Each structure stands twice: as C-alpha cells, then as structure tokens.
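First the structure, in the form of structure tokens, and then the observations on it.
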Amino acid sequence: MADHYDVLGVQQDASDADIKKAYRRLARELHPDVNPSPEAAERFKDVTHAYDVLSDPEQRRRYDAGPQADSPFGNAAGFSDIFDAFFGGGGGGGRGNGPRSRAERGQDALLRIEVDLDEVVFGTHKDVEVDTAVLCETCGGSCAAPGTHPQTCDICGGTGHIQRQVRSLLGNVVTSAPCGTCRGYGTVITNPCPTCQGQGRVRARRTIPVDVPAGVETGLRLQMPGQGEVGPAGGPSGDLYLEIKVRHHDVYSRDGDDLLATLEVQMTDAILGAHTTIDGLDGPVELEIRPGVQSADVLVIKDRGVTRLRGAGRGDLRVGVQVVTPTKLSHKERQLVEQLAKSHKAAKPQLARFQQGMFGKLRDRFFNF
C-alpha cells in the first residue's frame, strides 16, 4: 500500500493545514463529478483514505510510529514467537490475538407453517417460501467490488489490534485493543461491493422443500440445519426452525395418535342395529352398529388413526355414538311408538346407580370429543 504522505504529496513533517490544503487540491482534481475516469476514481479513494488517517492526530501518530511501535519489546512479532514457544501462544497482539474474521455465522430463523389434519396422518411435502439473507452473487461474500480485494490496514499492519504501553502502580503494562480503523479485521474494504454494500449478503426470497413427517402436532418444531440466514461476509448459514400448526378439522379431532369423531345414530338404528360407511381421513371406513347401542358408546377401529411420529404403526379411530331422538312425529309414527312402549313395559325414569364405567364413557365422550 502506498505511503499516505506520498499519496497526498506532502512531507512527513507537514502541518495539519498543509495536509488539508493538499487534500482539497487533489479532491478538486480527482472528484468523480470533475474527472469521471476510473483511474481518477481509484486515486480519489486513496487520497480520501490517506487524509482520513493523517487528519486524525491519534491515527497519524500510530501510522508514523508503525504497527507495533507502542510495544516496549520492539519487534512484537518476535516477542510473540518467544511467548508462544514457552507458553503455547496467547501473547498480546500475536497469533493468539490476531485479526477477527469478517465471516460470521448467520442467525437462526423461525417460520410457522400450517398443515391439515389429513396431512398429519401420513406426512406431507411442502414448498416453503422464506425471506432471508443469501450469499451475494456479485462478490461471492468477499464484500469487495469485483476485481478488487480488501487491503491490509496500514494502522495495525493487519494484526487487527493496537498495543499500548500504560503506566500503572505495578509498572508499565502492555494492553491490546482492537484497531479502530479496521475494527479488528486487519483489513479495510476500500471498494465495497455495489450490490451488497460491503456486507457479503443480500435479502432475497427463496423456496425451501420441506418433508413434514407423519404424526406432527401443533407446537412441534422441525430443525433444518444450514437453511437459516447466510452470515455476514459469506459466513456459514444458521438453522431454520419450522413450528407446526395443525388446522382445525370440522369432523375429526385428535387425542395423541388416535383420531376422534362423533357419529349421530337414529333411534331406530340404535334399537335394531345398522351397517354404515363413513368418510375417514384416508378413505372409507366400514362401521357396524350393534343393536341396542347407547349414547356415549365408543366404536373403535384399529390402526385407522395417525401414524406415530416416533415408532411404528398407527393409532386407532374412535367414534363416539350419539343417539338422536326424533322431535317431530307423524300421527302414525306416534301410534307405533306408543304401541312399542306398551309392549315393552319399560320402567319409569329413575336415578341410576353409580357405575364407574358409565361415567368413564361420558367423560370420554364429552371431554375428548
């Protein structure tokens, strides 16, 4: 990298006024509004960077002294080698405390997706659109404009840190702090990528194929490693988490791996029994209603529930019976029912004795459905 004093055309002992005067003269000559040539644009950037360093007293002092001049040990790199040999690294400003990488891991992302209950039975495939950070195709994550590269910081010499000698009650103490010019990276980007503005990544919408396994339930999160945001400067991507929400179904509900439904049975079918077919989530289901079935009875159809998320097989389909009593009868129908009542000689309505099984059915019927 060219010497800043040579770039501005001044001597090393130039005053602040001389430096400012030289910068203004060159800026009037090289500014893109005046001179649109690419060579002038490159020189203007170098001139501006040189002025930024030399116009700041602290940065100019560090530049004049050299990258490690604050170290009381002279050649800091040599001291670091000795320190590493005896203690295994970690000397101030040396390899153990070198410049930090611009590339960082991207953040994790959380996305909520909805699935239907019938999709939960066997699992489903979905294409999910995500608005996230992706790698900049222009610079490939380097953060620099095409054809250019990050330049070594002339303040810290590429170490990313500045050493200082501080006097204390215990004597002279050497401290190391991140370089304020390059922010600890050891390099500066004089020509940022115009597409990502020197970030190495851009926002974009992309489609991610997702295989939702069977047996998922609301609140479950699926982890997709490496599908989150790309990190700054093309760093590794974070993870994508998909939180599942199962949509409400008008007919079926769920209890663990079992499917639940309610079947309305007419009084005559409840008395005489019947055979019927219902629409299951995965096709027709044959049901046999035995004569004398009661409300709150549960018909169990094995292996017609939800596929188990972890393990083999499926749950059951449990259908609760609800006997429907007709509210409007024709005169003839009423006569028939009265004849049935006389011939059946049923007992008068009365309180039933406590039965654990009966209340268990009622509980399952009204609270699980």
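The values are calculated or read from the model by the stated rules, or taken from the named source; none is laboratory data. Here the structure is a predicted model, which is why all the values come from computation and not from measurement. For neighbour counting, all protein chains shown are included, and Cβ atoms are generated from backbone atoms with ideal geometry for every residue, glycine included.
Within the stretch 83-95, can one find any residue that is at pLDDT 80 or above and outside the structural domain of Ala133 (by TED's automatic domain parsing)?
No: the stretch 83-95 contains no residue that is at pLDDT 80 or above and outside the structural domain of Ala133 (by TED's automatic domain parsing).
Can you tell me which residues in the stretch 316-336 are part of a loop (DSSP other than H, G, I, E, B) and modelled with pLDDT under 95? Lay out the reasoning, then the answer.
The initial filter retains those residues of the stretch 316-336 that are part of a loop (DSSP other than H, G, I, E, B), namely 316, 325-330.
Selection gives Thr325, Pro326, Thr327, Lys328, Leu329, Ser330.
Does Leu272 satisfy the criteria of being in contact (Cβ under 8 Å) with a residue 12 or more places away in the chain, more than 13 Å from Gly215 (Cα to Cα) and in contact with a Lys or Arg (Cβ under 9 Å, 6 or more places away or on another chain)?
Criteria not met by Leu272.
For the stretch 116-140, which positions are crowded, with 21+ Cβ neighbours inside 10 Å and within 22 Å of Asp239 (Cα to Cα)?
Within the stretch 116-140, Thr132, Ala133, Cys136 meet the criteria.
Across the stretch 303-328, which residue is nearest to Val115 (Cα to Cα) among those that are exposed (fewer than 11 other Cβ atoms within 10 Å of the Cβ) and within 39 Å of the chain's Cα centre (by Cα)?
Ranking the candidates gives Arg310 first.
Show the residue pairs that are 6+ apart or on different chains and have beta-carbon atoms under 6 Å apart, the first residue being within the stretch 184-206 and farther than 21 Å from Thr132 by Cα, the second being basic (Lys, Arg).
Gly184/Arg100; Tyr185/Arg102; Thr190/Lys45
Given the conditions (1) surrounded by 14 or more Cβ atoms within 10 Å (Cβ to Cβ); (2) touching a strand residue (DSSP E or B) at 6+ places or on another chain (Cβ under 9 Å), which single one is not true for His275?
(1)
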